[in-house]
Amino acid sequence: MNIDNPLYMRRFGARTIAIPEVRLFKWYSLALFLLFGMMALNAQAATYTLPDVIGAAMQQNPVIGLTRAQEDAAQAGLTTAKAYLNPEIEAGSGPARYRSGGQGDGKNWGVTLSQPLEFFDVRRARREIAESNIQVTGVGSELTRIELRARVKSAFYDVLQRQAVLKLVEGDRNLLQQIRERVKLRVDVGESPRYELIKADTEALAAERDYQAAIVRITEAKGYLRGLIGQSMPMDFDVQGELPLGNSLPSLDSLRQQIDQSPLLTQARAAREAAQARLRLEQSLRFPGVTLKAGIEQDPDLTSMRFGLAVPLPLWSQRQGQIAEAAAGVRQVDAILSDRELGLQRDIDSAYQRYLIASHQVASFENGLLKQSESTLKVAEDAYRFGERGILEYLDAQRTFSAVRKDYLAARYDYVSTMLEIERLLGTELLEVKP
């Protein structure tokens, strides 16, 4: 140890006391321990459950801010519809010259105040349009939240699905690597032909390829989920949960009875009310109201006061074009409403049939296919171990077992995704969100 090194010594007058290196090692160890502890805490904080991601998306997704701005604009439209027209004031002044001589010249001035007044049916139609727009915007915001919630849940379950696939292919990769080592040993001792090692190498490489592809697919799914939430979500995170396979849908007749309460139809009905109110407004604007006028004029030797009433005369234009356009808008909204009703019935029927197919597939896998494929693999493995069958039969059985399990995972995800689709169409919570 160099006692002249200032890192290991302190001076007190003429004395020099060396600091042991062990003490510095303890400080470094403590710092590293704290650093790894903070990293572990950060790693734990990066795990999200389904309620976590849904809550974050509802707070941070930009489309939520857009819907709030639209709701504020609709409320401002109602304030505008309730406002009264502003009065107008007109003032003028100029020289006055008498026609008879001898009186000199003077000045005159005048002031006129005008107040437009709308009829009651015009103001009522404006207010009804604004109120209908508020309802349309509110239902639209609800639809946006329903759509975002469904997309977040689907993306979350997609990550869980791909993680399950990764776990499956990782197990296959490890197993095929072990098989490859055993085949290599048997080939080296001359118990098996070399083509069996080539086949085992091919299967091991294919399993490695599937494993790497599964990792990339998880990264892709997490990136999509992060895009639904916002930039505040860390780049590296994990999700925790399980697919709601225990849930089931009510009967198709029960779902059809809920179509009438779908937000999609509620929005179309509110739009129809707004279109009808606009038609009434255009019809009423042929005689929108009157204008009250009051004025005073002052000549050099004469003061005049006037009170009047101005009424528009619909002689040349009776707003035929505006009325016809508003009537066409009503027919258009009626057609949209009818199309949405038929579309909802069609989409729900189709999604329910896919749900039945997926549920039957899941039941088939759980009630027999998985066990049968596993039993077939076990028989093929025992036969290969005792030399009754070759490596090709064993690898084929292993490939079949892996394909059956992947199909089972795909059927599970289809089962959940069809329920999410019906949930989105009806605007109701059919799948319970568990923390």
Mind checking which residues of segment 69-95 are part of a helix (DSSP H, G or I) and of a type outside the set (Ser, Thr, Tyr)?
Ala69, Gln70, Glu71, Asp72, Ala73, Ala74, Gln75, Ala76, Gly77, Leu78, Ala81, Lys82
With the condition kept exactly as written, say whether any residue in segment 233-250 is free of Cβ contacts under 8 Å to residues at least 12 places away in the same chain, in a loop (DSSP other than H, G, I, E, B) and closer than 22 Å to Ala410 by Cβ.
yes
Qualifying residues in segment 307-343 (those that are at pLDDT 90 or above and basic (Lys, Arg)) - the one surrounded by the fewest Cβ atoms within 10 Å (Cβ to Cβ):
Arg331
Mind listing whichever residues of segment 251-281 are assigned to a loop (DSSP other than H, G, I, E, B) and under 25 Å from Gly138 (Cβ atoms)?
Gln258, Ser262
When you look at Ala351, is it among the aliphatic types (A, V, I, L, M), surrounded by 15 or more Cβ atoms within 10 Å (Cβ to Cβ) and either at pLDDT 90 or above or in contact with a Cys (Cβ under 6 Å, 6 or more places away or on another chain) (or both), yes or no?
yes
Within segment 170-184, considering residues that are under 19 Å from Glu388 (Cβ atoms) and more than 50 Å from the chain's Cα centre (by Cα), the one surrounded by the fewest Cβ atoms within 10 Å (Cβ to Cβ)
Arg182
Within segment 199-229, work out how many residues are without any contact (Cβ under 8 Å) to a residue 40 or more places away in the chain and more than 30 Å from Val183 (Cβ to Cβ).
5
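Answer yes or no: is there a residue in segment 383-397 that is aromatic (Phe, Trp, Tyr) and free of Cβ contacts under 8 Å to residues at least 24 places away in the same chain.
Yes, some residue in segment 383-397 is aromatic (Phe, Trp, Tyr) and free of Cβ contacts under 8 Å to residues at least 24 places away in the same chain.
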Out of (1) more than 23 Å from the chain's Cα centre (by Cα); (2) closer than 30 Å to Ala56 by Cα; (3) outside any helix (DSSP H, G or I), the odd one out for Glu191 is which?
(2)
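Evaluate the following for Ala358: is it surrounded by 17 or more Cβ atoms within 10 Å (Cβ to Cβ), farther than 16 Å from Leu264 by Cβ and touching a Ser or Thr at 6+ places or on another chain (Cβ under 8 Å)?
yes
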Picking from Val379, Val404, the residue that is crowded, with 16+ Cβ neighbours inside 10 Å and without any contact (Cβ under 8 Å) to a residue 40 or more places away in the chain would be Val404
For Lys167, are the conditions met, namely being in a helix (DSSP H, G or I) and within 15 Å of Tyr48 (Cβ to Cβ)?
no
Just one listed residue, out of Glu429, Glu374, is surrounded by fewer than 18 Cβ atoms within 10 Å (Cβ to Cβ) and under 21 Å from Arg256 (Cα atoms), and it is Glu429
Condition check for Ala271: farther than 30 Å from Glu90 by Cβ, free of Cβ contacts under 8 Å to residues at least 12 places away in the same chain and surrounded by 11 or more Cβ atoms within 10 Å (Cβ to Cβ):
no
Would it be correct to say that Tyr98 is surrounded by fewer than 17 Cβ atoms within 10 Å (Cβ to Cβ) and outside the structural domain of Glu282 (by TED's automatic domain parsing)?
yes
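The values are calculated or read from the model by the stated rules, or taken from the named source; none is laboratory data. This is a predicted model, so every value here is computed, not measured. Cβ sites come from the backbone with ideal geometry, for glycine too, and all protein chains shown count toward neighbours.
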